[in-house]
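Colleague: Sharing a structure with you now.
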Amino acid sequence: MTMTNSSSSKKQAQDQLETSEPTLKSLKTKMTKSDEKKKLKDIEISVPIVYGNVAFWLGKKASEYQSHKWSIYVRGATNEDISVVVKKVVFQLHSSFNNPTRVIEEPPFEVSEAGWGEFEIAITLHFHSDVCDKPLSLYHHLKLYPEDESGPLTMKKPVVVESYDEIVFPDPSESFLARVQNHPALTFPRLPSGYNLPAPMQVEDTGKKKRGDTKDHSLGQWFMSFSEADELLQLAAARQQVQAHIAKLRRQISLLEGQNQTIKTGSDL
Amino acid sequence: MGGTDAKDILGLPKTPLSLTQEKRPRPQKESHRKPDGISREVYALTGGVAPLMPSIDVTHLKRRPPPQEKVTWQWLAFTNSARKDDFQLYHWARVVNDVPPTGDYSFAKYNKSVDILKYTDDEYENLLTDPVWTKEETDQLFELCEKFDLRFVVIADRFPVSRTVEELKDRYYSVNRALLRARAQSPADVANHPLMKEPYDITRDRERKRALSMVLSQSRHQEKKDAEILAEAKRITEMRLAARRAEEPDVSANEKIGLDKADGAVPGRSVSPSSNSQLPATAVAPSTLTMADYASTLASLRMLHVYLRTYGLEQMVQAASSAVGLRTIKRVEQTLQDLGVNLKPKVPTKTVCDEHLELRKEILTLLNLQKQLQYKESEGSSHREGSYAAMPDTPKDRVFASDPFSFGAERPIKKEQKRKGPGRQADSPSPAHKRPRKMKASDL
């Protein structure tokens, strides 16, 4: 088993602690710090996520204070497990709920509740320590009622509102890069040629941890799919039109410049 | 006192017995007590009583300190040191305690004159001969200079041979310079003389006067256009300075030349060469400025260590719009909508966001070019007709009319109906046909 520099030095540092040899230990801890702090330029890791809510009308079982059953969640855009990056997610619900601050420390990162009102939910993502110290906040307006207000409410089809976004880490640390290389939940950047990452640290307790992906999620059938293809197509077409128009205007301007010049030299001012 | 009216309205008995007794003595007091100096109404305003503060007695106001001395005015003779003869004139003089005023006539000090250097014939032979000027003329010039205190306009008028003011000045100053140099003990002595430090340059003077006369004879229309061009030049220099400060781009020689031309041209040369060289620069300048903005936005995003891509795109869009006004931003958004593009991408992946940003930048360039074209058009028509041309159109125009079926039915920019003649965009068919045209491949 090959051990990375960081992991081996960490282990040694821990051993040193136990055997209490102060001089060597301080040296080793210094080395780990510098390794972890080493960051690369112009390399970003992005994690595509989808966040939103699914809400079912309770129909016959609806009461005055609980007309809908809803779930608010954050998931990987392709339903992959984002816990490789995300340590915990805090959902801040409306103050009328019991314990409105819901901390979810394991995937799937979601909260299910029953209620009657629509309100804004603050979703704060906390990352692992080698990923990022700062949390990131998202905001989602809980939607229970369909857009088309006139239509009848149905118990069968839920109201689904999801938003696509990407978490961008503009300057990932080496240890982060090493740990997540080849993980399907994120887009890994092209490393500069000749750059070698240390092999990833062994993950402990793989057997114990549940699968964190949402591929078999109970609500999976309602998840929206997001494809960049349509948007790219529309953008490309728009750019083409604009560029053609620009060329046309440039020609017109140079034409007019020529005309103005001749007029100027012709008349005496 | 107003209470009676209120009581009248209410229908209550006007005065109870007790009050009538109080009222009678009061009017008597009032008519006795009114002091002099303020009118009856004003006195009543203050409530009919004496003021709490002592007022200033009017007679105190215009008093002057009593004269300490005896002052009389007498008609006396006086002499003027500025006069060469002993002519005595008379005037009123302020005599204090029987002592007439001393000292020279007070206006004599204003009789200043210029020291004109006088040259000897030898000096003339050695230093001052000139192909264009004879000794006679030079002598006459100097005589007139002395007589008229170097007022060259008058001298030019009086000069027997017709010479321009600049020529006279040139001759006078060069003679003086030569004399100074010759007479000085050492060059250092003369070096500080203003004539040595800033010698008269006849060509520059001619040029300056010509430029001045052109500026003065400008019509109001010309003035307005010059002001516009100056404002644009200023804007461009500012943008360029900002760009240069932010990063070190290589400013192309063209841009520099354009700028210099603009500075030199404004005092009166023809406007179009400078505007020609400037306008391509305006297309370049916005992009150099925003490059700096993008760099700083990217840097600030990096500082966050983590951010959402939608947030990142917002920041970059703001950076792109930082140099333009709200109206332009609205036009960009309108254009995006017309093109069928979401203002905020629904699937903001890296590629989508990059493309979106590029599209916005291109739309900005497009709007810029439209504005340029409109300015050019109005410039062209004004030169021809001399009438005040139409202002650039309001942003009601839309480049891409929203049309779901065709990919861009385009309406030509609105023009003034008055304009006749050939000064039109070459590719619009004719003035009568202003139908929207679909973009064809042949247009490219």
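The values are calculated or read from the model by the stated rules, or taken from the named source; none is laboratory data. Because the structure is predicted, anything quoted here is derived from the model rather than measured. Note that each Cβ is placed from the backbone with ideal geometry, even for glycine, and that neighbours are counted across all protein chains shown.
Colleague: Would you be able to say whether some residue in segment B:136-151 is without any contact (Cβ under 8 Å) to a residue 24 or more places away in the chain and either within 30 Å of B:HIS91 (Cα to Cα) or in contact with a Cys (Cβ under 6 Å, 6 or more places away or on another chain) (or both)?
Modeller: The answer is yes, given that some residue of segment B:136-151 is without any contact (Cβ under 8 Å) to a residue 24 or more places away in the chain and either within 30 Å of B:HIS91 (Cα to Cα) or in contact with a Cys (Cβ under 6 Å, 6 or more places away or on another chain) (or both).
Colleague: Hey, another quick one. Is it the case that A:VAL54 is buried (at least 20 other Cβ atoms within 10 Å of the Cβ) and in contact (Cβ under 8 Å) with a residue 12 or more places away in the chain?
Modeller: In short, yes.
Colleague: Report, by residue number, each residue of segment A:130-171 that is of a type in the set (Ser, Thr, Tyr), under 17 Å from A:SER46 (Cα atoms) and out of contact with any Lys or Arg (no Cβ under 8 Å at 6 or more places or on another chain).
Modeller: A:SER137, A:SER163, listed by residue number.
Colleague: Please find, within segment B:104-121, the residue that is farthest from B:ALA184 (Cα to Cα) out of those that are part of a loop (DSSP other than H, G, I, E, B) and of a type in the set (A, V, I, L, M, F, W, C).
Modeller: B:PHE107
Colleague: Then there's this: Which of the residues spanning segment A:120-158 are exposed (fewer than 13 other Cβ atoms within 10 Å of the Cβ), more than 14 Å from chain B (Cβ to nearest Cβ) and modelled with pLDDT of 90 or more?
Modeller: Result: A:GLU120, A:HIS141.
Colleague: Do we find that B:SER106 is touching an Asp or Glu at 6+ places or on another chain (Cβ under 7 Å), at pLDDT 80 or above and farther than 30 Å from B:VAL175 by Cβ in this structure?
Modeller: The answer is no for B:SER106.
Colleague: What is the residue count in segment B:293-314 for residues that are within 20 Å of A:THR124 (Cβ to Cβ) and either touching a Lys or Arg at 6+ places or on another chain (Cβ under 8 Å) or more than 7 Å from chain A (Cβ to nearest Cβ) (or both)?
Modeller: Step one: of segment B:293-314, the residues within 20 Å of A:THR124 (Cβ to Cβ) are B:301, B:303-312, B:314.
Add one more test, that the residue is either touching a Lys or Arg at 6+ places or on another chain (Cβ under 8 Å) or more than 7 Å from chain A (Cβ to nearest Cβ) (or both), and what stays is B:303-306, B:309-311, B:314.
Number satisfying all stated conditions: 8.
Colleague: Okay, moving on. When you scan segment A:171-183, do you find a residue that is among the acidic types (Asp, Glu) and closer than 25 Å to A:GLU80 by Cα, even just one? Explain how you work it out, then say what you get.
Modeller: Keep residues of segment A:171-183 that are among the acidic types (Asp, Glu), which gives A:171, A:174.
Then drop every residue that is not closer than 25 Å to A:GLU80 by Cα, which leaves A:171, A:174.
There is at least one residue in segment A:171-183 that is among the acidic types (Asp, Glu) and closer than 25 Å to A:GLU80 by Cα.
Colleague: Tell me, please, whether a residue that is touching a Leu at 6+ places or on another chain (Cβ under 9 Å), assigned to a loop (DSSP other than H, G, I, E, B) and at pLDDT 80 or above can be found in segment B:60-79.
Modeller: Among the residues of segment B:60-79, at least one is touching a Leu at 6+ places or on another chain (Cβ under 9 Å), assigned to a loop (DSSP other than H, G, I, E, B) and at pLDDT 80 or above, which makes the answer yes.
Colleague: Scan segment B:302-319 and give yes if some residue there is of a type in the set (Val, Ile, Thr), closer than 25 Å to B:MET239 by Cβ and in contact (Cβ under 8 Å) with a residue 24 or more places away in the chain, otherwise no. Before you say what the answer is, go through the steps one by one.
Modeller: Our first condition is that a residue be of a type in the set (Val, Ile, Thr); within segment B:302-319, this holds for B:306, B:310, B:317.
Right, trim to closer than 25 Å to B:MET239 by Cβ and you get B:317.
If we keep only those that are in contact (Cβ under 8 Å) with a residue 24 or more places away in the chain as well, we get B:317.
Within segment B:302-319, one or more residues are of a type in the set (Val, Ile, Thr), closer than 25 Å to B:MET239 by Cβ and in contact (Cβ under 8 Å) with a residue 24 or more places away in the chain.
Colleague: Quick test for you: out of A:PRO189, A:PRO184, A:PRO107, pick the one residue that is in contact with an Asp or Glu (Cβ under 7 Å, 6 or more places away or on another chain), within 12 Å of chain B (Cβ to nearest Cβ) and assigned to a loop (DSSP other than H, G, I, E, B). So that I can check it myself, show each step before the final result.
Modeller: Details: A:PRO184 fails: within 12 Å of chain B (Cβ to nearest Cβ); A:PRO107 fails: within 12 Å of chain B (Cβ to nearest Cβ).
The conditions single out A:PRO189.
Colleague: Could you check B:LEU326 against (1) closer than 19 Å to B:THR365 by Cβ; (2) within 13 Å of another protein chain (Cβ to nearest Cβ) and say which number it fails?
Modeller: (2)
Colleague: Something else: If you take just the helices (runs of 4 or more DSSP H) that sit entirely in segment B:122-214, which of them hold at least 3 residues that are out of contact with any helix residue (DSSP H, G or I) (no Cβ under 6 Å at 6 or more places or on another chain) and surrounded by 14 or more Cβ atoms within 10 Å (Cβ to Cβ)?
Modeller: B:135-147, B:165-183
Colleague: Okay, next question. Take the residues in segment B:346-370 that are at the interface with another protein chain (Cβ under 7 Å from one of its Cβ atoms) and under 34 Å from the mean Cα position of the chain (by Cα); name whichever of them is surrounded by the most Cβ atoms within 10 Å (Cβ to Cβ).
Modeller: Here is the first cut: in segment B:346-370, the residues at the interface with another protein chain (Cβ under 7 Å from one of its Cβ atoms) are B:346-352, B:355-356, B:358-359, B:362-363, B:365-366, B:369-370.
Applying the additional criterion that residues be under 34 Å from the mean Cα position of the chain (by Cα) yields B:363, B:365-366, B:369-370.
Working: B:ILE363: 27, B:THR365: 19, B:LEU366: 22, B:LEU369: 21, B:GLN370: 22.
Across segment B:346-370, the extreme among qualifying residues is B:ILE363.
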